[in-house]
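Novice: Quick one: this structure, given as structure tokens, is what I'll be asking you about.
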Amino acid sequence: MHIHKFERFWIQLAFVTIAFFIATVVYGFVGMNLKVIGANKKVDAQHLENTEFNHPGVKKSTSGVAKYDVYVKAMQFAYQPGSGTPITVPANTKITFHITSVDVIHGFEVVGTNLNTMVIPGEVSKFTTIFPEPKSYGVICNEYCGPAHHVMQGKINVIPKSEFDEKYLVK
Amino acid sequence: MRDIVKLSLLFIKIFFVMAEENSDHSTPEEYPPKGDGTIGNPKVDQKVSVDDYKPKGTLTLALIYFLIVVLMWIFMYFGEFANHGPSIMN
Amino acid sequence: MTFLKKYPRAAKVAKANFIVAFIALTIGGTFGLIQALHRTDIFRGIINSGQYYTILTGHGVLLALIFTTFFIMGLFVWGVTRSLEREPENLTYTWTWFWLMVVGLVLAAFTILAGLVPGSSIRAAVLYTFYPPLQAHPLFYIGLALVIVASWMAGADWFRSYLKWRKEHPTERIPLLTYMTLFTMLMWYICSFGVAFEVVVMLIPWSLGWVTNIDPLLPRTLFWYFGHALVYFWLLPAYYVWYAILPKFSGGRLFSDSMARVVFIIFLILSTPVGFHHQYADPGISVGFKFYAMAATLLLLLPSLITFFTVIASMEHGARQRGGKGYLAWLGKLPWDNPPFVGCALAGIMFAAGGFSGIINASMNINIMIHNTLWVPGHFHLTVGTAVALTFMAVSYWLIPQLTGRKLKHKTLALIQPYAWFLGMTLMSNAMHRGGLAGIPRRTAEPTYSGFKFHAVFGSIGEIKWQIAIGATILTISLFMFIWVITATWWKGEESEQPVDESIPEPLSGAEYTPAVLDNIKLWLALAIILVILAYSFPLWDMIKDGLFSPGVPPRPA
């Protein structure tokens with residue numbers, strides 16, 4: 001096939017560039033701890049009474065991965081906890097979020113961070129993170145979920161580790 | 001003056017129509033293109049054949065684009081993304 | 001002899017498709033202006049925020065599904081007819097698919113617009129992605145299903161023409177315009193199978209109440225099995241124009257026929273298996289499959305980078321034939337005063353920018369930063385909104401004359417139009433990208449929240465909002481310029497035996513240098529199917545094995 005030598009050079013350069021992009025992402029994933037969520041066990045969105053989501057909130061973790069588990073239920077048009085009572089967590093501590101929906105597909109975006117997932121009924125969005133310093137974050141629903149989608153929001157209060165105690169936990 | 005132009009255009013029109021009628025097939029794929037400056041048919045000065053043509057302008061633009069994309073990528077990934085607050089660690 | 005005179009029956013079919021496309025473009029585009037003014041809080045007097053989502057659904061469906069599909073049908077009818085030198089084989093069949101598509105469109109559009117009537121029980125505010133369990137009226141899904149089935153019939157129409165032509169030309173290379181049509185349609189058949197299954201087997205029975213509960217992850221996955229190749233269904237016809245016609249608009253010749261074919265083959269093979277890159281933030285899909293999709297997506301950069309070179313080299317050839325010199329000075333010798341050239345060239349420039357934001361979207365972890373934010377519409381307004389839409393508008397200035405036998409009217413307006421589009425889009429899209437980096441969400445009627453503020457990295461949120469509103473206004477003006485020019489031309493343009501020069505010169509490196517294997521349709525189709533099976537069989541099985549509709553949740557009306 002007749003390919004002009006300039007074009008042939010450009011195609012080779014293209015392959016190198018693509019490899020560079022893939023390599024950067026892998027490095028970010030593995031070397032810089034910048035990950036995405038994966039598959040998780042399913043739940044029955046219509047029967048969450050038998051799960052941890054029956055009493056959503058911050059709990060001491062038994063998984064060994066993080067110090068605390070935060071269970072959040074998303075619904076039209078609020079997060080529980082999050083919308084009424086803010087989600088309060090300690091800074092500089094490993095926290096695992098578990099988020100599910102009771103009705104339609106929602107989003108869970110912690111504004112100004114890379115914490116951003118879909119929330120799908122029947123699935124649990126699970127991710128671990130550390131908030132480095134005390135700060136207040138807004139949480140918004142960024143997946144259209146119905147006519148009042150734009151009012152759906154929540155709050156995360158990150159407080160100093162020393163101030164965090166039992167009163168912020170649920171059973 | 002206007003009449004002369006109009007008449008010339010009329011003759012050209014007739015000439016082209018008859019030329020089409022006489023040609024034995026479909027869309028003329030002639031070369032070089034007629035290039036008369038009408039819609040989609042810009043004027044052309046000279047013929048540049050495949051042997052004479054080296055797309056060095058294209059290569060220049062391609063390298064500039066490559067540079068922009070790579071630099072923007074490094075900035076976006078290591079500047080914006082890595083410093084964009086807490087991330088999913090799993 | 002103009003196309004209209006040579007192929008009057010095909011001309012009629014093409015024109016019918018273009019009329020529907022342009023009407024959809026006008027209505028959908030106007031909705032876009034309403035949205036831009038509403039969500040930036042510049043003007044909220046036209047609709048209320050609940051209705052916003054109906055307008056948004058209309059905008060997405062009319063522009064991304066109707067305008068695009070009907071324009072592409074018209075374009076392909078023109079191209080297949082012209083390159084094979086045959087009218088459609090069976091006019092009844094051809095008009096059947098057209099009217100079926102129109103019926104489908106009317107049903108879907110009716111259900112969407114009915115939602116604007118206060119108190120209406122017929123609604124379809126589900127957005128053009130229609131994720132369950134948000135549920136639209138059954139006629140919405142039925143309408144969409146009809147459009148897809150009609151598009152399959154259209155593809156078959158062109159394959160039939162090709163096979164008839166092949167009988168009479170056993171050893172000839174497939175003409176480039178037909179080649180690109182066939183490969184685009186093959187890609188379309190593979191990907192639309194997913195959404196057809198979703199709509200016909202799952203959503204229609206569910207919306208009719210035959211099934212109550214539905215598992216949201218599976219339909220969403222089937223949509224995105226379809227959804228990425230869908231964007232290539234839009235893009236490939238733009239590439240078709242850039243490869244086959246833009247060289248002529250530039251005063252030059254296509255740099256390489258074989259590279260054009262290679263590019264279309266790669267798109268056929270890789271367009272569908274990458275669907276998971278729209279689901280990086282989804283639970284329920286493992287990181288392994290997401291990674292496979294990412295690698296395949298970044299490989300899809302290759303055909304676009306090849307296109308960058310081949311198309312620009314063809315334009316440069318035109319510039320050199322017009323006396324262009326030097327490494328960059330030749331750019332000035334391109335025909336920047338000729339509307340079809342300007343539209344295509346500006347569309348290409350914008351695509352180069354959109355390609356970069358696409359690379360960010362494709363890259364699994366950095367995608368999470370901009371997922372479902374305003375960055376995403378910023379990206380696709382550059383790609384489908386400009387690279388595709390502006391190219392379609394530009395080539396219309398050359399096609400409509402040859403389909404109607406009338407010269408283009410208001411040439412000055414036609415020339416200003418693409419520059420205005422480019423300006424408007426630059427303003428709107430750059431602001432959307434920056435807004436997305438600040439975390440502002442997409443698909444939201446009122447992105448103002450209490451208790452916290454968005455922080456822009458460059459500029460300010462206030463200025464971002466104004467740029468979106470001003471940009472959208474300029475775009476709408478440009479859109480109306482286009483509609484004005486086309487309507488005036490169609491209705492009152494000066495009749496002519498030769499309204500435009502319809503000839504297209506031979507490529508610089510033509511079909512004789514193109515290896516025969518590139519025309520081996522069956523080989524490439526087989527490879528495409530294998531890659532789709534590799535990407536999707538396990539994840540889909542995982543979702544289906546516990547029941548097609550379970551674990552299910554009940555419907556929520558839109």
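The values are calculated or read from the model by the stated rules, or taken from the named source; none is laboratory data. All values reported here derive from a predicted model rather than from experimental measurement. Cβ sites come from the backbone with ideal geometry, for glycine too, and all protein chains shown count toward neighbours.
Novice: Within the range A:22-81, can you find the residues that are part of a strand (DSSP E or B) and over 28 Å from C:P557 (Cα atoms)?
Specialist: Answer for the range A:22-81, where residues must be part of a strand (DSSP E or B) and over 28 Å from C:P557 (Cα atoms): A:G57, A:V58, A:K59, A:K60, A:Y68, A:D69, A:V70.
Novice: Something else about it: Could you please find all residues in the range C:501-555 being closer than 30 Å to A:D44 by Cβ and within 14 Å of chain B (Cβ to nearest Cβ)?
Specialist: none
Novice: With the condition kept exactly as written, say whether any residue in the range C:444-465 is touching a helix residue (DSSP H, G or I) at 6+ places or on another chain (Cβ under 7 Å), at pLDDT 95 or above and outside any loop (DSSP other than H, G, I, E, B).
Specialist: yes
Novice: Scan the range A:95-147 residue by residue and report those that are out of contact with any helix residue (DSSP H, G or I) (no Cβ under 9 Å at 6 or more places or on another chain), at the interface with chain C (Cβ under 9 Å from one of its Cβ atoms), part of a loop (DSSP other than H, G, I, E, B) and surrounded by fewer than 24 Cβ atoms within 10 Å (Cβ to Cβ).
Specialist: If the condition is that a residue be out of contact with any helix residue (DSSP H, G or I) (no Cβ under 9 Å at 6 or more places or on another chain), at the interface with chain C (Cβ under 9 Å from one of its Cβ atoms), part of a loop (DSSP other than H, G, I, E, B) and surrounded by fewer than 24 Cβ atoms within 10 Å (Cβ to Cβ), then A:D103, A:G112 are the ones that fit.
Novice: Just checking, does the range C:488-496 include any residue being within 14 Å of chain A (Cβ to nearest Cβ) and out of contact with any Lys or Arg (no Cβ under 8 Å at 6 or more places or on another chain)?
Specialist: no
Novice: Then there's this: State all residues of the range B:45-63 that are modelled with pLDDT of 95 or more, facing chain C (nearest Cβ under 7 Å) and within 16 Å of the chain's Cα centre (by Cα); if no residue qualifies, say none.
Specialist: The answer is B:P55, B:K56, B:G57, B:T58, B:L61, B:A62.
Novice: Related question: Residues in the range C:101-115: is at least one within 14 Å of another protein chain (Cβ to nearest Cβ), under 21 Å from C:V388 (Cβ atoms) and either polar (S, T, N, Q) or not in a helix (DSSP H, G or I) (or both)?
Specialist: no
Novice: Does C:V195 satisfy being of a type in the set (V, I, T), farther than 27 Å from C:E89 by Cα and in a helix (DSSP H, G or I)?
Specialist: Judged against the criteria, C:V195 is a match.
Novice: Return the only residue of C:L186, C:L218, C:L177 being assigned to a helix (DSSP H, G or I), in contact with an Asp or Glu (Cβ under 9 Å, 6 or more places away or on another chain) and touching a residue at least 60 places away in the same chain (Cβ under 8 Å).
Specialist: Answer to the check: C:L218.
Yes/no matrix, rows are residues, columns are (1) more than 11 Å from every other protein chain (Cβ to nearest Cβ); (2) aliphatic (A, V, I, L, M):
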{"site": "C:I400", "(1), (2)": "no, yes"}
{"site": "C:K407", "(1), (2)": "no, no"}
{"site": "C:Q417", "(1), (2)": "yes, no"}
{"site": "C:F422", "(1), (2)": "yes, no"}
{"site": "C:L427", "(1), (2)": "yes, yes"}
{"site": "C:M432", "(1), (2)": "yes, yes"}
{"site": "C:G435", "(1), (2)": "yes, no"}
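Conditions (1) closer than 21 Å to C:L100 by Cβ; (2) touching a residue at least 12 places away in the same chain (Cβ under 8 Å); (3) touching a strand residue (DSSP E or B) at 6+ places or on another chain (Cβ under 7 Å); (4) β-branched (V, I, T), marked per residue:
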| site | (1), (2), (3), (4) |
| --- | --- |
| C:G119 | no, no, no, no |
| C:L134 | no, yes, yes, no |
| C:P138 | yes, yes, no, no |
| C:A156 | yes, no, no, no |
| C:E172 | no, no, no, no |
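Novice: Here is a further query. Tell me which residues, restricted to the range A:148-171, are part of a strand (DSSP E or B) and more than 8 Å from chain C (Cβ to nearest Cβ).
Specialist: Answer for the range A:148-171, where residues must be part of a strand (DSSP E or B) and more than 8 Å from chain C (Cβ to nearest Cβ): A:G154, A:I156, A:N157, A:V158, A:I159, A:L169.
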